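Participant: Got a structure for you, questions after.
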Amino acid sequence: MQKVLEIENLTFGYTKEKLLFENFSLSLNKGELKAIVGPSGAGKSTIFELILGNLKPKEGKIKVSRCSEVFQDPYSSFHPSYTLLNQIADVAPLNELTNYIQKINLDRALLDKLPHELSGGQLQRASILRAMLMKPEILLLDEPTSALDNVVQLDVMKMLVSHLPHMGMLLITHDMDLAKWCADEVIAI
């Protein structure tokens, strides 16, 4: 199996007195989906910041393949004054755009709008669209369906899971039922 993420003996804390992680290890292969669950403030999103290189661990190593991320707050992941299509085209080829739009039930016309002109659920689906078009080897999902209603949430998760043969996925969620439904392994922190 192709390893797309390896975290070895990660130690991190925002202060020396309080560590969020000590000797935390995790590996993820292409074709696997692992879920990290835990209460707010436990450090779930911090793990993603460390994987992306936005934070540096105090100790340990992180090896990560080409990745893309779906943030919990889609409004913070798009520039407010450019259309969604322009922002997607800046980072990803558009040759599979129509295919993915249909899979996530998103109206193509919405991509010609500015982020604030969409609902939270529409913008989250645009964020998932962008991440998938980037063809990552690992997809980091931070509460990717929390802004979606239950029916759309299930459709989007089914679409994501159907792409596991092409990538590994690491999911952060508060929803233990969702984690158990889709994950090969649930990691409680």
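Participant: Taking segment 77-87 as the search range and keeping residues that are assigned to a loop (DSSP other than H, G, I, E, B) and not hydroxyl-bearing (Ser, Thr, Tyr), which one is surrounded by the fewest Cβ atoms within 10 Å (Cβ to Cβ)?
Facilitator: Selected residue: PRO80.
Participant: Consider only pairs whose beta carbons are under 6 Å apart and that are at least six residues apart or on different chains; among these, list those whose first residue lies in segment 58-78 and is touching a residue at least 40 places away in the same chain (Cβ under 8 Å) and whose second residue is part of a strand (DSSP E or B) and among the aromatic types (Phe, Trp, Tyr).
Facilitator: Note: pairs meeting the criteria are LYS58/PHE12.
Participant: Of (1) out of contact with any strand residue (DSSP E or B) (no Cβ under 9 Å at 6 or more places or on another chain); (2) at pLDDT 95 or above; (3) not aliphatic (A, V, I, L, M), SER65 satisfies all except one. Which?
Facilitator: (1)
Participant: Moving on to the next point. Please work out if LEU20 is over 17 Å from ASP142 (Cβ atoms), surrounded by 15 or more Cβ atoms within 10 Å (Cβ to Cβ) and hydrophobic (A, V, I, L, M, F, W, C).
Facilitator: Considered against the rule, which asks whether it is over 17 Å from ASP142 (Cβ atoms), surrounded by 15 or more Cβ atoms within 10 Å (Cβ to Cβ) and hydrophobic (A, V, I, L, M, F, W, C), LEU20 comes out as no.
Participant: Restricting to segment 133-171, what's the tally of residues that are of a type in the set (A, V, I, L, M, F, W, C) and touching a Phe, Trp or Tyr at 6+ places or on another chain (Cβ under 7 Å)?
Facilitator: 2
Participant: Tell me, please, whether a residue that is farther than 22 Å from GLY43 by Cα and touching a strand residue (DSSP E or B) at 6+ places or on another chain (Cβ under 6 Å) can be found in segment 105-120.
Facilitator: No, segment 105-120 contains no residue that is farther than 22 Å from GLY43 by Cα and touching a strand residue (DSSP E or B) at 6+ places or on another chain (Cβ under 6 Å).
Participant: Taking segment 169-186 as the search range and keeping residues that are assigned to a strand (DSSP E or B) and crowded, with 18+ Cβ neighbours inside 10 Å, which one is modelled with the lowest pLDDT?
Facilitator: Here the residue is THR173.
Participant: Hey, another quick one. Would you please list the contacts, defined by Cβ atoms under 8 Å and residues six or more apart or on different chains, that run from a residue in segment 8-37 that is within 15 Å of LEU170 (Cβ to Cβ) to a residue that is surrounded by 20 or more Cβ atoms within 10 Å (Cβ to Cβ) and among the hydroxyl-bearing types (Ser, Thr, Tyr)?
Facilitator: ALA35/THR173; ILE36/THR173; VAL37/THR173
Participant: With the condition being of a type in the set (Gly, Ala, Ser), I'd like the helices (runs of 4 or more DSSP H) fully within segment 88-168 carrying at least 2 qualifying residues.
Facilitator: 120-133
Participant: Something else about it: Restricting to segment 10-27, name every residue that is under 23 Å from VAL186 (Cβ atoms) and charged (D, E, K, R).
Facilitator: Selection gives GLU22 alone.
Participant: Considering segment 44-76 alone, what residues qualify as being surrounded by 15 or more Cβ atoms within 10 Å (Cβ to Cβ), in a loop (DSSP other than H, G, I, E, B) and within 15 Å of the chain's Cα centre (by Cα)?
Facilitator: If the condition is that a residue be surrounded by 15 or more Cβ atoms within 10 Å (Cβ to Cβ), in a loop (DSSP other than H, G, I, E, B) and within 15 Å of the chain's Cα centre (by Cα), then SER65, PHE71, GLN72 are the ones that fit.
Participant: Sticking with this structure for a sec: LYS30 passes all but one of (1) at pLDDT 95 or above; (2) touching a strand residue (DSSP E or B) at 6+ places or on another chain (Cβ under 7 Å); (3) farther than 26 Å from LEU164 by Cβ; (4) not β-branched (Val, Ile, Thr); which number fails?
Facilitator: LYS30 satisfies all of (1) at pLDDT 95 or above; (2) touching a strand residue (DSSP E or B) at 6+ places or on another chain (Cβ under 7 Å); (3) farther than 26 Å from LEU164 by Cβ; (4) not β-branched (Val, Ile, Thr) except (3).
The values are calculated or read from the model by the stated rules, or taken from the named source; none is laboratory data. All of these numbers come straight from a predicted model, not from anything done at the bench. Here the Cβ is made from the backbone with ideal geometry for all residues, glycine too, and neighbour counts use every protein chain on show.
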